[in-house]
Amino acid sequence: MRTMMRRSTSLVFTYSEEDILVADKSGDVYTFSVQNANKPGELILGHLSMLLDVVVSKKDFLVTCDRDEKIRVSHYPNAYNIQCFCLGHQEFVSKLLYLEKEDLIASGSGDGTIRLWDYHTGQEKLCIECRENLDIAENDTKKTAILCLQYCAKHQIVAAVVSHHSVVLVYHVTFEDNHIHAELSKKIELLAEPWDISLHDGRLWVLQAIEGDTVQVYRILEGPVLQKVLPDSSKDKVLNAALTELNQKWNFFKESVGTETILPSLYKNKFDNIKPYLEKKQMRLEGKMTSVDRKTKGTLPPGGIKIKEHAAMGAKKRTADVISGGQDGHNVAAKSGKGS
């Protein structure tokens, strides 16, 4: 058992399977040795925001995403050496996937989009707007986040679970002449919002909060076409036994019903303090003008205050000149009388 200073948010094995990389809520990533259980974790990189997911590529790159809409690509194990940033999401980045065959990174976000990236350069290759494939009312103000993200290289499909919707969106992605295109292949309607999904061995597994139908399996056929596997209908006896056993374990799964996720708290509240500032400034200006109006007992035109001040100064100066001139004339007369 290993201990962490903060609660972990994601972990992944390296390709060599010699180390485990663990991301925590404070934004740090630690590496733990698999073979040496007594070796303490080593801090290899840090973000300024909460880390939400971490993946490693086959070419010694470590990719991390955080609450501040950033995807950081670092060299591994020298993670202080940053390759690039993948920027484009408008909200937190909740999920990352490494597409090994295509050597790309897929990301899901709180802005309701799935994006594919060339993680060597940080260039965005594709953006899928999941909201366009959902039944959302015009007055629905709930934000849409990508909860789960899976990829099947054999059939080139991306499966996603979106918050507040009881569906699984399955997209067929094609790669032709450096051009990537995606189209909705299947929209699986469910009775409850899925807890999780997994693509493995040509099958899509869906976990949902429905007693007796907690686990669903879909077989992926050419096309791609998804076919639901019903209990006792498959020739695979192991699969039939697994489905039957899992769907009878509701007492185990029901403890998770109603459990809240942290995703709603990841959205940032944005405040516009410019408008209140301008309104208060206008009120101060109007208050000053009202004060001037009361003193001058009338409304002065623009610049009228300065004109009146200049007029008053001119009057004072003329009065001083008259007084000074009178005194000079008197002195001259007095001198003339004395000399005669």
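Listed values, structure above:
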| item | result |
| --- | --- |
| Packing-based order for 170-177, 114-121, using average beta carbon neighbours within 10 Å, highest first | 114-121, 170-177 |
| Flagged links, alpha-carbon separation over 23 Å, of Lys58/Lys154; Lys25/Lys275; Lys95/Lys125; Lys95/Lys142; Lys70/Lys275 | Lys25/Lys275; Lys70/Lys275 |
| Descending semi-axes in Å of the stretch 134-279, equivalent ellipsoid built from Cα gyration tensor | 34, 23, 12 |
| Dipole magnitude (debye, nearest 20) for the stretch 142-230, charges at Cβ of Lys, Arg, Asp, Glu | 120 |
| Under Karplus coefficients 6.51, -1.76 and 1.60, residue-wise ³J(HN,Hα) of the stretch 215-227 in Hz, glycine/proline x | 10, 10, 10, 10, 8, 9, 9, 5, x, x, 10, 9, 10 |
| Alpha-carbon spread of the stretch 186-237, three principal axes, descending order, Å | 28, 25, 17 |
| Unit Cα scatterers, Debye sum, the stretch 119-162: log10 I(q)/I(0) for q = 0.23, 0.34 Å⁻¹ | -1.00, -1.21 |
| Ordering of 251-264, 151-164, 35-48 by burial proxy (mean other Cβ atoms within 10 Å per residue, highest first) | 151-164, 35-48, 251-264 |
| Under-5 Å amide H pairs with Glu69, H placed in peptide plane, nonlocal only | Phe92, Val93 |
| Sorted largest first, extent of the stretch 67-204 alpha carbons per principal axis (Å) | 46, 33, 27 |
| When the stretch 1-148 is reduced to its Cα atoms, the Kirkwood hydrodynamic radius in Å | 15.9 |
| Nonlocal amide H pairs with Tyr119, under 5 Å, H built at 1.01 Å | Ile105 |
| For Gln83, residues with placed amide H under 5 Å, excluding near neighbours | Val73, Ser74, His75 |
| In Hz, Karplus ³J(HN,Hα) per residue of the stretch 28-37 (6.51, -1.76, 1.60; θ = phi - 60°; x = Gly, Pro) | 9, 10, 10, 10, 10, 6, 6, 7, 9, 5 |
| Residue-wise HN-Hα coupling along the stretch 40-56, computed from phi with Karplus coefficients 6.51, -1.76, 1.60 (Hz; x: Gly, Pro) | x, x, 10, 6, 10, 6, x, 10, 8, 9, 4, 7, 10, 7, 8, 9, 10 |
| Charge context of Val12, other residues only, Cβ under 12 angstrom, K/R +1, D/E -1 | -3 |
| Where only alpha carbons of the stretch 58-101 are counted, the Rg and the Dmax (Å) | 10.8, 29 |
| Under 14 Å from the Cα of Lys268 - aspartates and glutamates, other chains or at least 8 residues apart | Asp66, Asp68, Glu69, Glu91, Asp111 |
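Bear in mind these aren't lab numbers, they're just calculated from the coordinates by the rules spelled out. No experiment lies behind these values; they were computed from the predicted model shown. Cβ atoms come from the backbone with ideal geometry, glycine included; neighbour counts cover every protein chain shown.
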